[in-house]
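Below: the structure, in structure tokens.
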Amino acid sequence: MSDLTRRGLIGGATLLALAGSAGAQTVAGDEVVPLWPGAIPGAATGPIARKVNERAKTPDGHDRWVTGIDVPALVVKRPAQPNGAAVLLVPGGGYGFLSYDNEGIEQARWLNALGVTCFILLYRLPGEGWSERRLVPLQDAQRAMRVIRARATAFGVDPARVAVLGFSAGGHLAGSLATRFAERVHAPVDAADRLSARPDLAGLIYPVVSMDAGITHKGSRDNLLGPTPAAADVAAASVDKRVTAETPPIFLVHASDDGTVPIANSLSLYAALLAAKRPAEMHLFDEGGHGFGVRLPKAVPTAAWPTLFAAYSRRKGVFA
């Protein structure tokens with residue numbers, strides 16, 4: 001096992017750190033791969049305390065919200081029968097927490113059943129005192145894609161079949177990765193940083209897209225950019241403004257009754273992708289609200305989105 005890889009446990013609602021203050025976290029027995037071999041870019045201006053808020057109402061499951069990501073890492077979830085495909089999972093939480101179970105563990109479960117190796121991204125939350133606030137999530141996302149590709153053989157994945165799947169603010173980060181993968185947001189730290197950070201496909205589920213005050217999710221914008229961002233920073237962080245001829249295929253899902261992130265976010269990005277003649281597929285539903293993950297009853301049409309995403313990924317050559 002590489003010296004980047006560590007193992008640890010999440011017991012109940014407590015994340016246990018490994019290797020002292022340089023530790024990372026995982027769920028019982030899973031691999032954890034810290035993203036940065038040395039100093040983390042955008043150093044914190046003060047101590048960051050790891051916390052887990054267990055929101056589950058019954059003892060037979062978890063619904064954890066994680067804050068205080070002091071050491072960004074990948075939690076590796078391997079399928080019983082891997083087929084070479086990989087997905088970087090990016091939980092949401094308004095850039096204020098990570099919805100670890102709903103948009104991480106539960107997503108890995110159905111993807112693993114398809115033979116897909118999953119990597120849950122524990123990325124830094126920009127409002128927790130990092131000196132490069134608006135860049136630290138993207139630094140972690142770019143680095144995550146490069147680490148996956150650098151260790152593709154060890155992970156048993158094809159480096160040309162790596163998708164990203166993000167939810168809500170995690171959808172904004174996944175969309176930022178898909179449109180800003182070539183932007184230099186940190187100094188290279190090793191050979192992995194010579195590899196491409198471009199995902200081969202991006203799935204954005206009820207995503208925050210725009211930082212424009214008229215349609216954005218205010219909490220995500222405030223956490224990422226601060227309460228009074230400069231116009232240039234708003235434009236730079238708006239995914240729909242960053243689409244280019246190199247943007248990979250994008251899959252979008254949104255519900256019109258989403259009371260948290262307006263559906264206008266997905267509509268704006270889809271229009272930008274069409275204008276740039278980039279491959280894209282969008283599914284809009286009248287019911288589902290926000291934050292549904294894979295928890296909707298099967299009778300609700302929106303619950304079909306994983307099947308639709310898998311089919312799109314196969315057509316684009318990412319899934320088997």
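Every number in this text was worked out from the coordinates using simple rules, so none of it is lab data. Just so it is clear, the structure is predicted and the values come from calculations on it, not from any experiment. For neighbour counting, all protein chains shown are included, and Cβ atoms are generated from backbone atoms with ideal geometry for every residue, glycine included.
Here are a few things to note about the model shown:
- For the stretch 138-190: rounded, prolate or oblate by the Cα gyration tensor [a/c cutoff 1.5]: oblate
- Peptides 59-66, 245-252, ordered by how many other C-beta atoms sit within 10 Å of their residues on average, highest first, read 245-252, 59-66.
- Mean shadow area of the stretch 135-225 over all directions, Cα convex hull, nm²: 6.0
- Cβ crowding within 10 Å averaged over residues, with 282-290, 47-55, 232-240 ranked highest first: 232-240, 282-290, 47-55
- In nm, spacing of pseudo-spin labels at VAL189 and THR244 (7 Å Cα→C-beta vector): 2.4
- Unit charges at the beta carbon, dipole of the stretch 31-315: most positive-side option, ALA245, PRO262, LEU121: ALA245
- Principal axis extents of the Cα atoms in the stretch 182-280, from largest to smallest and rounded to whole angstrom, are 45, 33, 20.
- Between the stretch 250-320 and the stretch 91-161, the alpha-carbon center distance in angstrom: 19
- Relative contact order (percent, whole number), the stretch 81-227, Cα cutoff 8 Å, 6+ residue spacing: 30
- Translational diffusion of the chain, µm² s⁻¹ [Kirkwood Rh, Cα pairs; Stokes-Einstein; 4 °C; 1.567 mPa s]: 67
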